[in-house]
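Enquirer: One structure coming up, written as structure tokens, with questions to follow.
The values are calculated or read from the model by the stated rules, or taken from the named source; none is laboratory data. What you see is a predicted model, and the numbers here were worked out from it, not measured in a lab. Cβ atoms come from the backbone with ideal geometry, glycine included; neighbour counts cover every protein chain shown.
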Amino acid sequence: MAITKDESAWPIISLSLGEAFDQETVEEYIAYWEELLARRSAFGLLMVHSAEKNTRPERAVTQLYMNWCKMNKREIAQYCSGIAVVMQNAKLLAVYKPVTALSTKRTYGCPGGAFSGESEAIRWLEEQLTKTSSGTKT
């Protein structure tokens, strides 16, 4: 298992991709996304970024994932209330925080944010889920 997932706080799911975003990880990640979308129920994704270094995945791996996202964007936007990325590395957080909302919206069609801690990220996801259930998703 390349990814670690915790659904104990459903509809908020905590997910860690580990250190490497390789072919095996991407295939497992896509399969999990498909499982989530098949539930046809709103959820929020808490991505725990554990890597200290931001290593670039192989181009083919990135392309596979981006193509899948593009093909499934409408369905992702329908069920995923938001994606909150937790980055303990302050330098990475400083780089990604300003662009996370825009890149998440463009890639997945749902709101996104970068946070320094899980509690802050969970509060934000709870707000997004409330907006989704009341029909005011932004």
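Enquirer: Working only within region 10-24, note down all residues that are modelled with pLDDT under 90 and closer than 19 Å to MET87 by Cα. Quick ask: steps written out before the conclusion?
Expert: Keep residues of region 10-24 that are modelled with pLDDT under 90, which gives 16-24.
SER16, LEU17, GLY18, GLU19, ALA20, PHE21 - these are the residues of region 10-24 that are modelled with pLDDT under 90 and closer than 19 Å to MET87 by Cα.
Enquirer: For region 5-23, give me each residue that is over 13 Å from the mean Cα position of the chain (by Cα) and either exposed (fewer than 13 other Cβ atoms within 10 Å of the Cβ) or aliphatic (A, V, I, L, M) (or both).
Expert: Here is the first cut: in region 5-23, the residues over 13 Å from the mean Cα position of the chain (by Cα) are 6-11, 18-23.
Across region 5-23, the qualifying residues are GLU7, SER8, ALA9, TRP10, ALA20.
Enquirer: Can you tell me which of (1) under 13 Å from HIS49 (Cα atoms); (2) surrounded by 15 or more Cβ atoms within 10 Å (Cβ to Cβ) is the one GLY112 doesn't meet?
Expert: Of everything listed in (1) under 13 Å from HIS49 (Cα atoms); (2) surrounded by 15 or more Cβ atoms within 10 Å (Cβ to Cβ), GLY112 misses just condition (1).
Enquirer: From the list THR107, THR62, THR100, which residue is surrounded by fewer than 18 Cβ atoms within 10 Å (Cβ to Cβ), at pLDDT 90 or above, closer than 17 Å to LEU17 by Cβ and of a type in the set (Val, Ile, Thr)? So that I can check it myself, show each step before the final result.
Expert: Values: THR62 fails: at pLDDT 90 or above; THR100 fails: surrounded by fewer than 18 Cβ atoms within 10 Å (Cβ to Cβ).
Of the residues listed, the single one that is surrounded by fewer than 18 Cβ atoms within 10 Å (Cβ to Cβ), at pLDDT 90 or above, closer than 17 Å to LEU17 by Cβ and of a type in the set (Val, Ile, Thr) is THR107.
Enquirer: Which of the residues spanning region 110-138 are under 17 Å from PRO11 (Cα atoms), in a loop (DSSP other than H, G, I, E, B) and without any contact (Cβ under 8 Å) to a residue 24 or more places away in the chain?
Expert: Passing the criteria: SER134, GLY135.
Enquirer: For ARG74, state whether it is over 23 Å from ALA9 (Cβ atoms) and either modelled with pLDDT under 95 or within 14 Å of the chain's Cα centre (by Cα) (or both).
Expert: On the way: over 23 Å from ALA9 (Cβ atoms): yes; either modelled with pLDDT under 95 or within 14 Å of the chain's Cα centre (by Cα) (or both): no.
When the stated conditions are applied, ARG74 does not pass them.
Enquirer: For region 117-138, enumerate the residues that are surrounded by 15 or more Cβ atoms within 10 Å (Cβ to Cβ) and among the small types (Gly, Ala, Ser).
Expert: Within region 117-138, just ALA121 meets the criteria.
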